[in-house]
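These notes concern the structure reproduced below.
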């Protein structure tokens, strides 16, 4: 008869999936810049102001792209608040 699978493997796989799933949900609930949304100078400025008001002005924004293979988004980049503020300050439209 064949060797039975190690019962701990299922727990490990589930634990890893749960951690990734939890991380993904946190990422999608956080203030993010999603590439499939209409990101304007004004909307990015508003996100930056909201981040500062929340006391996280030294933070930043994960940049997310819709994941075509799964439901949800995939992180493809990150921009710090200071870098986004600098870029927006160079805009002629503010």
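The values are calculated or read from the model by the stated rules, or taken from the named source; none is laboratory data. On a predicted model such as this, the values are computed, not experimentally measured, just so you know. We place every Cβ from the backbone using ideal geometry, glycine too, and count neighbours over all the protein chains shown.
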Item to complete: Return the total of residues in the stretch 61-82 being surrounded by 12 or more Cβ atoms within 10 Å (Cβ to Cβ), assigned to a loop (DSSP other than H, G, I, E, B) and without any contact (Cβ under 8 Å) to a residue 12 or more places away in the chain.
Response: 1
Worksheet item: What single numbered condition from (1) assigned to a helix (DSSP H, G or I); (2) exposed (fewer than 15 other Cβ atoms within 10 Å of the Cβ); (3) at pLDDT 90 or above fails to hold for residue 48?
Response: (2)
Worksheet item: If you scan the stretch 68-94, which residues turn out to be at pLDDT 90 or above and within 18 Å of residue 35 (Cβ to Cβ)?
Response: 76, 77, 78, 79, 80, 83, 84, 87, 88
